[in-house]
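To start, the structure under review is shown below, and the notes come after it.
The values are calculated or read from the model by the stated rules, or taken from the named source; none is laboratory data. The model shown is predicted, which means the values in this text are computed figures rather than measured ones. For neighbour counting, all protein chains shown are included, and Cβ atoms are generated from backbone atoms with ideal geometry for every residue, glycine included.
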Amino acid sequence: MLAIGVITYRMTNTLSDYVLGGRKLNSWVAALSAQASDMSGWLLLGLPGAAYASGMGMWSIWIAVGLAAGTMINWQYVAKRLRRYTEIAGDSITLSEYFENRFRDKSHLLRVISAVFILLFFLFYTASGLVAGGVLFQATFGVDYHTALIVGAIVIISYTFLGGFLAVSWTDFVQGILMFLALIIAPIVAINQLGGIDAVFSNIAAKNPDLLDIAMNVSFKDGIWTSEGALAVVGIISAMAWGLGYFGQPHILARFMAIRSAKEIPKARLISMIWVVITLYGAIMVGFVGIALFDTPLENTETVFIQLVQVVFNPWVAGFLLAAVLAAIMSTIDSQLLVASSALTEDFYRTFLRKEASQTELVWIGRGAVLLIAFISLMLAWNEKNTVLGLVSYAWAGFGAAFGPAILFSLFWKRMTRNGALAGMLVGGLTVIFWEKTGYAIYEIVPGFMFASIAIILVSRMDSEPSREIQEEFDQASKPLANE
């Protein structure tokens, strides 16, 4: 990974290169980079841990269905339109710049508000990856949690600092392949060792038959699986609602913006869907098999992949499979650091402090921003009681509600206005931040997404129609570009 960082360092000369790779990604790199940066350490820690703790209930089957559907819809409808629109709207290289150019916002309010939300939620998202790294080193080598945090952070920061977007995308490509192989090999070999799939499910049923029922809610506490009755509709909706988050994730949308042409997108979509479906259900099977494999229940359910690999495989093979966990962590943190860095550099530094800054200066400011954001995230991750899934779910909801409706309406509704976009972002983001205080059990992305959409429609309808220039640009974005 560090070697890729050094190589791409020589290919990074402008801010566009550092932030968006000069829009040169092919379909394979764009697809695997988008999905590897999307899934993060929670795919090999959080999701298997949830499947281990609850069986086929809320956090496994239903969340996987929602994520697979969200991935498909995002690639099918958002990717091509966003790729075209960001090039047409002033060749925008960040999401914040796109919103400003799309609505001709001379006040810079849209840019600032979106950049603030990006920085806020990415601090928590990046912290989740650092927590995952701490869990990995602690469970594998017995290394002190805080030492593991620092070591992991240094490696990831190094190649992101050097090579920017190209380094991140190519390392994600390699890491995505490693994650894919690990989540195929680990459950298949473990199932075979246990005597086949029937033996696995018989063993699980002996511990609690409700673990095999997708409609039942099972809790895990003090080494005991306890049935909590049928899953509530609210629980199923909350799990599937994770799919809504895709439309607003800046690090995923950046891959759509960076692909070299919209005509590459159908191929990238197919690659992405194959990768997502296989890895999601591979991760779930790791959790299921863990229930059957371990006679003594795990203290930390999120270590099930790590423990399973070390029990089932030869240490040489286990080492490569455990590297997939680190790959998953790295592939997401680097993307998040880069998007947050671009928000500080492009949306604050160049816009308000140094409008005439040279490209070299901006690249180095971007690198400095990577260090600053990584340090703050490290402080957030310092508490050992943080869980990977908990931090990810908060950040995922934040981005999904703040940006998801704004992106969808800006791409597909000509009547949307600048004030509508601003209202949608503020309502969506603030709903996620304060929803927990209401006491309602539903995942905060659901009310956040809904309220943001309503705000966009109502405020846009109250405004006068967008200018003819904006409407003509909207029509242009729906047609193929010259390079297609």
query = Is it the case that region 202-221 has a residue that's of a type in the set (V, I, T), loosely packed, with under 15 Cβ neighbours inside 10 Å, in contact (Cβ under 8 Å) with a residue 60 or more places away in the chain and part of a helix (DSSP H, G or I)?
reply = no
ask   = Which helices (runs of 4 or more DSSP H) does region 41-120 wholly contain that include 1 or more residues that are farther than 30 Å from G287 by Cβ, among the aliphatic types (A, V, I, L, M) and over 19 Å from the mean Cα position of the chain (by Cα)?
value = 79-88
inquiry  = in contact with a Pro (Cβ under 6 Å, 6 or more places away or on another chain) and either over 21 Å from S37 (Cβ atoms) or crowded, with 22+ Cβ neighbours inside 10 Å (or both): which single residue out of V311, V304 fits that description?
reply    = V304
query = When you look at T147, is it at pLDDT below 85 and out of contact with any strand residue (DSSP E or B) (no Cβ under 9 Å at 6 or more places or on another chain), yes or no?
reply = no
task = Go through (1) surrounded by 17 or more Cβ atoms within 10 Å (Cβ to Cβ); (2) modelled with pLDDT of 95 or more; (3) not aromatic (F, W, Y) and name the single condition I454 misses.
result = (1)
ask   = If M450 passes every condition in (1) within 19 Å of F117 (Cα to Cα); (2) touching a Leu at 6+ places or on another chain (Cβ under 8 Å) but one, which one does it miss?
value = (2)
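Here is a yes/no grid of residues against (1) in contact with a Leu (Cβ under 9 Å, 6 or more places away or on another chain); (2) at pLDDT 90 or above; (3) not aliphatic (A, V, I, L, M):
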position: V234; (1), (2), (3): no, no, no
position: I265; (1), (2), (3): no, yes, no
position: L280; (1), (2), (3): yes, yes, no
position: V289; (1), (2), (3): yes, yes, no
ask   = Applying the selection to region 228-271, what residues are farther than 19 Å from V339 by Cβ, part of a helix (DSSP H, G or I) and among the hydroxyl-bearing types (S, T, Y)?
value = S238
inquiry  = With the requirement that a residue be at pLDDT 90 or above, among the β-branched types (V, I, T) and within 25 Å of A340 (Cβ to Cβ), what does region 61-118 give you?
reply    = T71, V78, T86, I113
